[in-house]
Amino acid sequence: MSAILSIRGLRKSYATGVEALKSVDLDINRGEIFALLGPNGAGKTTMINIACGIVTPTEGEVLVDGRNWQTDYRHARTRIGLVPQELSTDAFESVWNTVSFSRGLFGKPRDAGKIETLLKRLSLWDKRKSEMRFLSGGMKRRVMIAKALSHEPDILFLDEPTAGVDVELRRDMWDIVRDLRRDGTTIILTTHYIEEAEEMADRVGVISKGQLIAIDEKKALMAKMGRKTLKITLSDPVEAVPAGLEEWNLVLEDDGHQLCYAFDSNAERTGIASLMRRLSELHIGYKDLSTRQSSLEDIFVQLVHAPEKAA
Ligand SMILES: Nc1ncnc2c1ncn2[C@@H]1O[C@H](COP(=O)(O)OP(=O)(O)OP(=O)(O)O)[C@@H](O)[C@H]1O
């Protein structure tokens, strides 16, 4: 798959001396949904703002379809749309004018048909005459997306698209993003909600302290780094992990009803067979067994906190 956006050796030091990005390289594939995960202050917004031409990098370059952002400014600007974190619209303007005006800002000719299609696609058609101040939070967010798409870009950046929205609206946003991808738009989103990345992303990048510390297909990342947990529901509850089971580092849960064993499912020996044998030798009865794959959240926490522990 060819890269629609390439980031090369990107570094950003703000005037305050904060090094927000420390040499980041990243290729975004055409037509993918890429989720950028990272804790507060990791550098996500800085990266997006550089890719969208709002912030100037200290070093490095951004190529849009192989063409340099800085030297080919007009080209890059028409190809990229940004839905920023903050909702920024004129409260007294109508939905229709808000979106049409945005198209005009990009030098695109007026095209009522295109705006109509866009508003219908985002379920905003009925609201086209409403002033922004009368819209619900969810509708406002849709207008922000319509604004970002008004000049027909093929790369859409969404900075924290569902921050602070309720679950129903979040699902609604996910559907919109999936629809956009289906129609060929490349999507790059930042999120604090790991569930969001787990649900939607094709690939995931984890950024911490200005560096990309992991980047992979979501499924590969989960398979490679994921651990599994075996839960053993005991026939009779116990007060502590029974003696003789020390080597498995079991954790007792559910008021003594459950023994949990974390294992690496890719390892040659998982330790499960020997654990089951030992349970039987110790006459510890169980009535149920289940395994759970660690989530992207578990992996994220592991990645972001591991270097700190090691230091
Ligand atoms: N305009 C600025 N001037 C000085 N420092 C800045 C500026 N913008 C961001 N920073 C700093 O750069 C670092 C990265 O910030 P950035 O907003 O890119 O992170 P983020 O990952 O988007 O965080 P959040 O999730 O909190 O938005 C932080 O330490 C932040 O304080």
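Have a look at the DSSP beta bridges in the chain and tell me what percent are antiparallel, nearest 5. Don't jump to the answer; show the numbers that get you there.
Values: 37 of 55 bridges.
Looking only at bridges with both residues in the chain, the antiparallel portion is about 65 percent.
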Original post:
Once phi is turned into ³J(HN,Hα) by the Karplus curve 6.51 cos²θ - 1.76 cosθ + 1.60 with θ = phi - 60°, what whole-Hz value does each residue of the range 135-152 show in order, with x for glycine and proline?
Top reply: 8, 6, x, x, 5, 4, 5, 4, 5, 4, 5, 4, 4, 5, 9, 4, 9, 6
Original post:
Among Met47, Trp125, Tyr73, whose Cα sits farthest toward the positive end of the charge dipole of the range 3-141 (+1 at Cβ of Lys/Arg, -1 at Cβ of Asp/Glu, about the Cα centre)?
Top reply: Trp125
Original post:
Which order results if Asp236, Asp154, Asp72 are arranged by neighbouring Cβ count within 10 Å, fewest first?
Top reply: Asp236, Asp72, Asp154
Original post:
What residues have an amide H closer than 5 Å to that of Arg227, excluding those fewer than 5 places away on the same chain, when H is modeled at 1.01 Å from N in the peptide plane?
Top reply: Ser294
**OP:** Would you look at the GNM of the chain, springs on alpha carbons closer than 10 Å, and say which of Arg178, Arg77, Arg278 moves the most?
**Re:** Arg278
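Take the Cα gyration tensor of the range 1-132, multiply each eigenvalue by 5, square-root it, and list the three semi-axes largest first, rounded to whole angstrom.
Working: eigenvalues 194, 64, 41 Å².
One finds semi-axes of 31, 18, 14 Å for the range 1-132.
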Subject >> Residues with amide H under 5 Å from that of Asn29, placed H, sequence gap 5 or more >> reply: Ile4
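Assuming a ≥ b ≥ c are the square roots of the Cα gyration tensor eigenvalues, decide whether the range 51-208 counts as rounded (a/c under 1.5), prolate (otherwise, with a/b larger than b/c) or oblate.
Working: a/c = 1.75, a/b = 1.15, b/c = 1.52.
Because a/c hits 1.5 or more and a/b fails to exceed b/c, the range 51-208 counts as oblate.
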Subject >> Residues of type lysines that Lys219 reaches as a straight line, Cα spacing below 19 Å, ignoring anything fewer than 8 places off in the same chain >> reply: Lys228
**OP:** Pop out the ³J(HN,Hα) list for the range 175-184 in order, Karplus 6.51 cos²θ - 1.76 cosθ + 1.60 with θ = phi - 60°, rounded to Hz; leave Gly and Pro as x.
**Re:** 4, 4, 4, 4, 4, 4, 5, 4, 7, x
Original post:
Leu82's amide H: which non-local residues (gap 5+, or another chain) put their own amide H closer than 5 Å, with H modeled 1.01 Å from N in plane and none for Pro or chain starts?
Top reply: Phe157
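Compute, for the range 91-202, the length of the dipole vector about the Cα centre, with Cβ point charges of +1 (Lys, Arg) and -1 (Asp, Glu) only. Units Debye, rounded to 20.
Values: 19 positive and 20 negative charges, 148 e Å.
Computed charge dipole of the range 91-202: roughly 720 debye.
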**OP:** Would you mind ranking Met173, Met222 by Cβ crowding within 10 Å, fewest neighbours first?
**Re:** Met222, Met173
Subject >> Of Glu61, Glu131, Glu246, the one that fluctuates the most in a GNM where the chain has Cα springs shorter than 10 Å >> reply: Glu246
**OP:** Sort the range 26-81 into rounded, prolate or oblate with this rule: let a ≥ b ≥ c be the square roots of the eigenvalues of the Cα gyration tensor; rounded if a/c is under 1.5, and if a/c is not under 1.5, prolate when a/b is larger than b/c, oblate otherwise.
**Re:** oblate
Original post:
Pick from Leu245, Leu259, Leu36: which is most flexible by mean-square fluctuation in a GNM of the chain where alpha carbon atoms under 10 Å apart are linked?
Top reply: Leu245
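Taken together, the values in this text are just the output of simple stated rules run on the coordinates, not laboratory data. Because the structure is a prediction, the values reported are computed rather than measured. Note: ideal-geometry Cβ built from the backbone for every residue, glycine included; neighbour counts use all protein chains shown.
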